[in-house]
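Here the structure comes first, spelled out in structure tokens, and everything after it is commentary.
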Amino acid sequence: MEEAFLPSVSEELFKPLEVWFAEAGEKPYRFRQLLDWYFKRPEVANFQELANFPKALREKLEQNFAFLSLSLEEAKLAPDGSKKQTMLLRDGLVTETVTMPMEGHTTVCLSTQVGCPVGCRFCFSGRHGLKRNLTAGEMCDSLRCSLPASGAESLNLVIMGMGEPFYNYEALKKFLFICKEGFGIGSRRVTVSTVGVIAGIERFAADFPQMNLAVSLHAPIEELRKKLIPRAPSEIRELIPALKKYFAATKRLVTFEYAMIKGVNDSAKEAKELCALLSGFDCKINLIPLNDVPGGEFQPSAKETLERFVNYLKERDMNVTVRKSLGGTVGGACGQLADKRNN
Ligand code: SF4
């Protein structure tokens, strides 16, 4: 029989908690105070620490709710300053986030699923398939446990961790709403990365037109992309028109992510095909040096190959950047998130 858990504070957009305060005859300001503790004091992790609440109320809350839906188990700091947080969910599975210091801000990379159904061949997170979706409350709690000391004001949020966000759209939507209304993260500071779920792209454009969209492309032609992403949710020939429509509707530049893989997608031929595919489309290309994953079948492109690829694109006026890889020494870089308890 499945174990029943008390609802957590952030569950279902805090609704059960709000209803409980009203039914228990508590003053409405107590609910607002609790939200302040939740959003503004991330170091607080249980009801007993709510210093301005009477003891009896703290105990009643404890009997009816869990303060968090997960517990921070470990935070591993890498020499480059990034930090991987491992959080234990109540069913024994694990979610991970990575906090990366950048110039003038901190970026937090968050997961939306435990495991991933897409199974990109160069990614460790998807190797054992999907275990389950995260709830909106679990995403809120994992963000809360990953906030830097400077708070949410100077935070960039990237939804690029474990999972395909648009396969968990309803929970993602609730979570993104709370990011703005609760944590106070501006829409333009949020980027969601998809491997190409077209229905999700359409909904995202309508629901969050000011947020940013990144798309994992990794190959400029269908045959090669299929080899790297065997369960890609869409083909290039349908994906690019959908993204052009997205740009027309939102005026937000799409970022194409392209993992640079030695001898697979990094030759002059692929650079030429990439230019042909994206020329005339106002977008960005972000080249990602491939990260080591246990038992990985691919190697990262050599530095000179990467430079040649970048130069080829730049000479043809493509808007191209190379992602700085952070967190690799603690298993927190792109494609590396995968705790063995999720296998
Ligand atoms: S790269 Fe992203 S979409 Fe692909 S398997 Fe990994 S987590 Fe899933």
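Each reported figure results from applying straightforward, stated rules to the coordinates on display, with no laboratory input. All figures in this text were calculated on a predicted structure; none of them were measured in a lab. We place every Cβ from the backbone using ideal geometry, glycine too, and count neighbours over all the protein chains shown.
Which FRET efficiency value, to the nearest 0.05, do you get for GLU74 and LYS180 by plugging their Cβ-Cβ distance into 1/(1 + (r/R0)^6) with R0 = 41 Å? Computed FRET efficiency for GLU74 and LYS180 comes out at 0.90.
The region of the chain that goes longest without hitting one of the trypsin sites (Lys or Arg not before Pro) in a DSSP loop, each with at most 13 other Cβ atoms within 10 Å, is 1-250.
Evaluated with a Cβ-only charge set (Lys, Arg +1; Asp, Glu -1), the chain carries a dipole of roughly 560 debye about its Cα centre, given to the nearest 20.
Dipole orientation for the chain: of the candidates MET211, ALA78, PHE65, MET211 has the Cα lying most toward the positive pole (charges on Cβ; Lys, Arg +1; Asp, Glu -1). Of the beta bridges in the stretch 189-305, as assigned by DSSP with both residues counted there, near 5 percent are antiparallel. Across the chain, the mean sequence separation of Cα contacts (distance under 8 Å, 6 or more residues apart), normalised by length, yields a relative contact order of 16 percent. Here each label is just a point 7 Å from Cα along the line to Cβ, and for LEU57 and ALA4 those points are 2.7 nm apart.
Sorted largest first, the principal axis extents computed over the alpha-carbon atoms of the stretch 70-342 equal 48, 41, 36 Å.
Please name which of PHE247, GLY263, ILE236 has its Cα lying farthest along the dipole of the stretch 226-267 towards the positive end, using unit charges on Cβ (Lys, Arg +1; Asp, Glu -1) and the Cα centre as origin. Toward the positive end, the furthest listed residue is PHE247. For the pair ASP207 and ASN319 in one chain, pulling the backbone fully straight at 0.36 nm per residue adds 37.7 nm over the alpha carbon distance.
Here the chain is scanned for GluC sites (Glu not before Pro) in DSSP loops (not H, G, I, E, B) that have at most 10 other Cβ atoms within 10 Å, and the longest stretch holding none of them is 104-296.
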